Amino acid sequence: MTAYPQMTAEERKAEYARLQKEFDAIKAQKLSLNMARGKPGKAQLDMVSDVIFNLMEKPEDFLSGGIDVRNYGEMSGLPAAKELFAELLGCRSEQVFVGGNASLQLMYDTISKAYTHGLLHSPRPWCREETIKWLCPAPGYDRHFMITESFGFEMITIPMTSTGPDMDAVEEAVKDPAVKGIWCVPKYSNPDGVIYSDETVRRMAALKPAAPDFTIMWDNAYCVHEFEGEYVEFPDILQACADAGSPDMVIEFASTSKITLPGAGVSCFASSVENLRYLEKLLTVQIISFDKVNQQRHVLYLQNKAHTLELMKKHAAILGPKFHAVLDALDREIAPLDIARWERPKGGYFISLNAMPGTAKRTWALCKELGVTLTGAGATFPYGKDPQDSNLRIAPSLPPVEELEKAIEVLCVCLKMAALEKLGV
């Protein structure tokens, strides 16, 4: 198969005509397929639901260490739930605050409280600052960027590398006192699937920002989410920051959204004890306690880290074939053509594909025309603006394999057509 850039004009024209026939045939099928969001598939949800909702039937099931989980109290979460998350994250239980079903809510709430009240070391609430800026490693998670954009931050793109954010750029950027923080997805980053190197974690923890309230928002969403190979241990960022003399600089977030049930899971944040005291004081005005019944349900179901990792192997058995269906198709259909490159993650929920510069939006539009929904082109960059118009995020987790194979067939056709149009046909 000849690479498209090496084809003659006539060869490209003939190839485009062939693809147009494929495109028209697919369009006639009136497909409706979705690879836009990282949702667990039905098989994963059914696997969990078969057990988790049958664990609390007797009155004694609602007791945790003498605490009646149906009642008010335990603002920072059940001690047993704090211990479970501490084991998963590798920190101490007194550093953990357990919330509701969504870590994104806790992240938003942290930024909101910083904006209205300031954080532990803030000279003033962030809303009273003349300018506020935020570092955004990209490609990155669109919902992170939405949060900081909604509060009026000037978002600064930090390039992602194979070992995490470009730390030279980060270290230079934090010299500006207006820079208040950075988004990080340190393990199986969204969407690249990068695991931050030990050196990146060390340099992140050793930052000496000009802003006294600079905050690392450490979204450890995929801390136990391997779908290929064994579980990968990961450094405790809380201890790393403490060792570097900045124990209050980081707030770590996690949830069971892709361990149990996204709509009915449990989330947490972890930080220094001093940070937790400060934030809990603000949260006490907002809520009496989060859903401890669900916290107890998860403690009974997940039990401990070892048991959780066994559950994640069952998820991996479902997810692995889906990721390989996408990667195998890209290897077969796209790799020989020299029109795109992609990452090969071993965990997380996404595949990051970089199409020929200037073709991502066109590819997305062609897919939409054929009934395949992808995350919007550009969404993985601040303000939705990919300067190369190249990155596309693929989420293989939701569709069954047979639907996924059809969706990736469509994507390949559209990638080819967009590339040929860019090369000139």
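Only one residue in 212, 186, 191 is out of contact with any strand residue (DSSP E or B) (no Cβ under 9 Å at 6 or more places or on another chain), outside any helix (DSSP H, G or I), of a type outside the set (D, E, K, R) and at pLDDT 95 or above. Which one?
So the residue among 212, 186, 191 that is out of contact with any strand residue (DSSP E or B) (no Cβ under 9 Å at 6 or more places or on another chain), outside any helix (DSSP H, G or I), of a type outside the set (D, E, K, R) and at pLDDT 95 or above is 212.
Does residue 43 satisfy the criteria of being without any contact (Cβ under 8 Å) to a residue 12 or more places away in the chain, hydrophobic (A, V, I, L, M, F, W, C) and not in a strand (DSSP E or B)?
no
How about the stretch 390-408: which of its residues are of a type outside the set (Val, Ile, Thr) and closer than 23 Å to residue 20 by Cα?
390, 392, 403, 404, 405, 406, 407
Would you be able to tell me the number of residues in the stretch 404-413 that are open to solvent by 10 Å² or more (accessible area, probe 1.4 Å) and more than 17 Å from residue 1 (Cβ to Cβ)?
Residues of the stretch 404-413 that are open to solvent by 10 Å² or more (accessible area, probe 1.4 Å), as a first pass: 405-406, 409.
Still in the list and also more than 17 Å from residue 1 (Cβ to Cβ): 405-406.
So the answer is 2.
For the stretch 194-209, give me the residue count where each residue is among the small types (Gly, Ala, Ser), in a helix (DSSP H, G or I) and touching a strand residue (DSSP E or B) at 6+ places or on another chain (Cβ under 7 Å).
Qualifying residue count for the region: 0.
I'm trying to understand the selection: among the residues of the stretch 326-358, which are part of a helix (DSSP H, G or I), more than 18 Å from residue 423 (Cβ to Cβ) and either open to solvent by less than 10 Å² (accessible area, probe 1.4 Å) or among the hydrophobic types (A, V, I, L, M, F, W, C) (or both)?
326, 327, 329, 330
If a residue counts only when it is open to solvent by 20 Å² or more (accessible area, probe 1.4 Å), among the β-branched types (Val, Ile, Thr) and in contact with a helix residue (DSSP H, G or I) (Cβ under 9 Å, 6 or more places away or on another chain), which strands (runs of 3 or more DSSP E) contained entirely in the stretch 71-168 have at least 1 such residues?
154-161
Given the criterion open to solvent by 10 Å² or more (accessible area, probe 1.4 Å), assigned to a helix (DSSP H, G or I) and in contact with a Gly (Cβ under 6 Å, 6 or more places away or on another chain), identify the matching residue among 416, 361, 422. Write out each step before concluding.
Details: 416 fails: in contact with a Gly (Cβ under 6 Å, 6 or more places away or on another chain); 361 fails: in contact with a Gly (Cβ under 6 Å, 6 or more places away or on another chain).
Just one listed residue meets the conditions, 422.
Out of 240, 317, report the one residue that is of a type in the set (A, V, I, L, M) and touching a residue at least 12 places away in the same chain (Cβ under 8 Å).
240
Specify which of the listed residues (54, 34) is open to solvent by 30 Å² or more (accessible area, probe 1.4 Å) and closer than 24 Å to residue 347 by Cβ.
Working: 54 fails: closer than 24 Å to residue 347 by Cβ.
The unique qualifying residue is 34.
When you go through 280, 228, 233 one by one, which is the residue that is surrounded by fewer than 19 Cβ atoms within 10 Å (Cβ to Cβ), over 16 Å from the mean Cα position of the chain (by Cα) and closer than 18 Å to residue 78 by Cβ?
On the way: 228 fails: closer than 18 Å to residue 78 by Cβ; 233 fails: closer than 18 Å to residue 78 by Cβ.
Being surrounded by fewer than 19 Cβ atoms within 10 Å (Cβ to Cβ), over 16 Å from the mean Cα position of the chain (by Cα) and closer than 18 Å to residue 78 by Cβ holds for just one of 280, 228, 233, which is 280.
So residue 392 clears everything in (1) out of contact with any helix residue (DSSP H, G or I) (no Cβ under 6 Å at 6 or more places or on another chain); (2) open to solvent by less than 10 Å² (accessible area, probe 1.4 Å); (3) among the hydrophobic types (A, V, I, L, M, F, W, C); (4) within 24 Å of residue 147 (Cα to Cα) except one condition, right? Which one?
It is condition (1) that residue 392 fails.
So residue 343 passes all but one of these: (1) over 29 Å from residue 28 (Cβ atoms); (2) at pLDDT 95 or above; (3) of a type outside the set (Gly, Ala, Ser). Which condition number does it fail?
Residue 343 satisfies all of (1) over 29 Å from residue 28 (Cβ atoms); (2) at pLDDT 95 or above; (3) of a type outside the set (Gly, Ala, Ser) except (2).
Is it the case that the stretch 286-305 has a residue that's under 17 Å from residue 87 (Cα atoms), open to solvent by less than 40 Å² (accessible area, probe 1.4 Å), at pLDDT 95 or above and aromatic (Phe, Trp, Tyr)?
yes
Select from the stretch 1-19 the residues that are in a helix (DSSP H, G or I), open to solvent by 60 Å² or more (accessible area, probe 1.4 Å) and touching a residue at least 24 places away in the same chain (Cβ under 8 Å) and write down the one among them that is nearest to residue 416 (Cα to Cα).
Result: 13.
The values are calculated or read from the model by the stated rules, or taken from the named source; none is laboratory data. It should be emphasised that the depicted structure is a prediction, and the values quoted were computed from it without experimental measurement. FYI the Cβ positions are ideal-geometry reconstructions off the backbone, even for glycines, and counts take in every protein chain you see. Keep in mind that these areas ignore ligands, DNA and RNA; they rest on the heavy atoms of the full protein, side chains included. Shrake-Rupley method; radii C 1.70, N 1.55, O 1.52, S 1.80 Å.
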